[in-house]
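Engineer: Quick one: this structure, given as structure tokens, is what I'll be asking you about.
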Amino acid sequence: MHCHLDLYPEPRQQAEAIGKSGSYVLSVTTTPSAWLQTQALSADHPRIKTALGLHPQLAAERLGELSLFDRLLPQARYVGEVGLDGSAECKPFWGEQVRVFDHVLASCALAGGRVLTIHSRNAATQVLDALQHHHGYGVAILHWFSGTKKELRRAVDMDCWFSVGDAMARSNKGRELLALIPSNRVLTETDGPFVTHRGSPISPGHCDHVVSFLSGQWGLDELATRTLIVRNFRQVISL
């Protein structure tokens, strides 16, 4: 439910591989101007969906693309990567981040709601506050959640979903958080090409490691774990 297909060195080859595998993959974008070209990568692969995004780390320099976001939104069922980033390097343009995220949520609400994949690094409380303020935005999937346990419980109470990947399952904090996420709110992601596997960018649909981890955590065999994750996915897209 979250990878950057357009940022792989050979995105068309990755799209072909996804098509052959039969995986469902949500390809996110970091700017509205990248959406049409990224969507074209999946023209022959109906199980690859492209999300319309404006990444918080690019909020200041791409603020002018909000009007393009609004023009493209009627064509997009998914929105992402969007959200807020409270890291030190992003604090100088926090105001622009808030303006962009509020605009995105308001636009999604006006459009009848969308499925959103949301960045919340060092800003989980502020992201959740924004979601509470904008009723009708749609369905929130918190990508690679790294907030506190208290913030996680709040997100669960707010009916948020969580997309989790290899990197989360490999860190102590990530495993602690995964233990608290209800199994019926979990989706898988890769965040490729930013996550690596054996020294190379992880492929967009390579979720074997995190599925194996979740299988052990939930006390299910891997087939039952995959079945549950697919069921969760189908519920999300039905909302």
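The values are calculated or read from the model by the stated rules, or taken from the named source; none is laboratory data. From a predicted model like this one, the values you see are computed outputs, not experimental measurements. A quick note on method: Cβ atoms are made from the backbone with ideal geometry, for glycine too, and the neighbour counts reach across all protein chains shown.
Engineer: For the stretch 110-125, does any single residue satisfy the condition of being surrounded by fewer than 19 Cβ atoms within 10 Å (Cβ to Cβ) and of a type in the set (A, V, I, L, M, F, W, C)? Spell out how you get there, then give the answer.
Structural biologist: Within the stretch 110-125, the first condition is being surrounded by fewer than 19 Cβ atoms within 10 Å (Cβ to Cβ), and the residues that meet it are 110-113, 122, 125.
Imposing the further condition that a residue be of a type in the set (A, V, I, L, M, F, W, C) reduces the set to 110-111.
Yes, the conditions are met somewhere in the stretch 110-125.
Engineer: Looking at the stretch 1-14 only, could you name the residues that are more than 18 Å from the chain's Cα centre (by Cα) and assigned to a helix (DSSP H, G or I)?
Structural biologist: The initial filter retains those residues of the stretch 1-14 that are more than 18 Å from the chain's Cα centre (by Cα), namely 9-14.
Scanning the stretch 1-14 gives 11, 12, 13, 14.
Engineer: Touching a strand residue (DSSP E or B) at 6+ places or on another chain (Cβ under 6 Å) and either outside any helix (DSSP H, G or I) or closer than 22 Å to residue 211 by Cα (or both): is that true of residue 177 in this structure?
Structural biologist: On the way: touching a strand residue (DSSP E or B) at 6+ places or on another chain (Cβ under 6 Å): no; either outside any helix (DSSP H, G or I) or closer than 22 Å to residue 211 by Cα (or both): yes.
In short, no.
Engineer: Scan the stretch 37-67 for residues that are hydroxyl-bearing (Ser, Thr, Tyr) and either in contact with a His (Cβ under 6 Å, 6 or more places away or on another chain) or surrounded by 18 or more Cβ atoms within 10 Å (Cβ to Cβ) (or both) and jot them down.
Structural biologist: 38, 42, 50 - these are the residues of the stretch 37-67 that are hydroxyl-bearing (Ser, Thr, Tyr) and either in contact with a His (Cβ under 6 Å, 6 or more places away or on another chain) or surrounded by 18 or more Cβ atoms within 10 Å (Cβ to Cβ) (or both).
Engineer: Next up: Of all residues in the stretch 180-203, count the ones that are of a type outside the set (S, T, N, Q), within 22 Å of residue 139 (Cα to Cα) and assigned to a loop (DSSP other than H, G, I, E, B).
Structural biologist: 5
Engineer: Quick check on the stretch 137-168: of everything there that is in a loop (DSSP other than H, G, I, E, B) and touching an Asp or Glu at 6+ places or on another chain (Cβ under 9 Å), which residue is surrounded by the fewest Cβ atoms within 10 Å (Cβ to Cβ)? Give the steps one after another, and end with the answer.
Structural biologist: Kept after step one, since they are in a loop (DSSP other than H, G, I, E, B), are these residues of the stretch 137-168: 137, 144-148, 158-160, 165.
This time we only want the ones that are touching an Asp or Glu at 6+ places or on another chain (Cβ under 9 Å), so: 144-145, 165.
Numbers: 144: 21, 145: 25, 165: 25.
Among residues in the stretch 137-168 that are in a loop (DSSP other than H, G, I, E, B) and touching an Asp or Glu at 6+ places or on another chain (Cβ under 9 Å), the one surrounded by the fewest Cβ atoms within 10 Å (Cβ to Cβ) is 144.
Engineer: Would you check if residue 199 is loosely packed, with under 13 Cβ neighbours inside 10 Å and either at pLDDT below 95 or touching an Asp or Glu at 6+ places or on another chain (Cβ under 6 Å) (or both)? Full working, then the answer.
Structural biologist: Working: loosely packed, with under 13 Cβ neighbours inside 10 Å: yes; either at pLDDT below 95 or touching an Asp or Glu at 6+ places or on another chain (Cβ under 6 Å) (or both): yes.
Taking the combined requirement at face value, the residue satisfies it.
Engineer: Regarding residue 73, is this residue in contact with a helix residue (DSSP H, G or I) (Cβ under 8 Å, 6 or more places away or on another chain) and either small (Gly, Ala, Ser) or modelled with pLDDT of 95 or more (or both)? Break it down into steps so the answer makes sense when it comes.
Structural biologist: Details: in contact with a helix residue (DSSP H, G or I) (Cβ under 8 Å, 6 or more places away or on another chain): yes; either small (Gly, Ala, Ser) or modelled with pLDDT of 95 or more (or both): yes.
Yes, satisfied.
Engineer: Moving to a separate point now. Please specify each residue of the stretch 210-219 satisfying the condition of being assigned to a helix (DSSP H, G or I) and more than 18 Å from the chain's Cα centre (by Cα). Working first, answer last.
Structural biologist: In the first step, residues of the stretch 210-219 are kept if they are assigned to a helix (DSSP H, G or I); the result is 210-218.
Residues satisfying the conditions are 212, 213, 214, 215, 216, 217, 218.
Engineer: Separate question: Which residues, counting only those in the stretch 13-24, are closer than 15 Å to residue 201 by Cβ and out of contact with any Gly (no Cβ under 9 Å at 6 or more places or on another chain)?
Structural biologist: Keep residues of the stretch 13-24 that are closer than 15 Å to residue 201 by Cβ, which gives 13-15, 17-18.
13, 15 - these are the residues of the stretch 13-24 that are closer than 15 Å to residue 201 by Cβ and out of contact with any Gly (no Cβ under 9 Å at 6 or more places or on another chain).
Engineer: Quick one: how many residues across the stretch 16-36 are touching a His at 6+ places or on another chain (Cβ under 7 Å) and over 19 Å from residue 81 (Cα atoms)?
Structural biologist: 2
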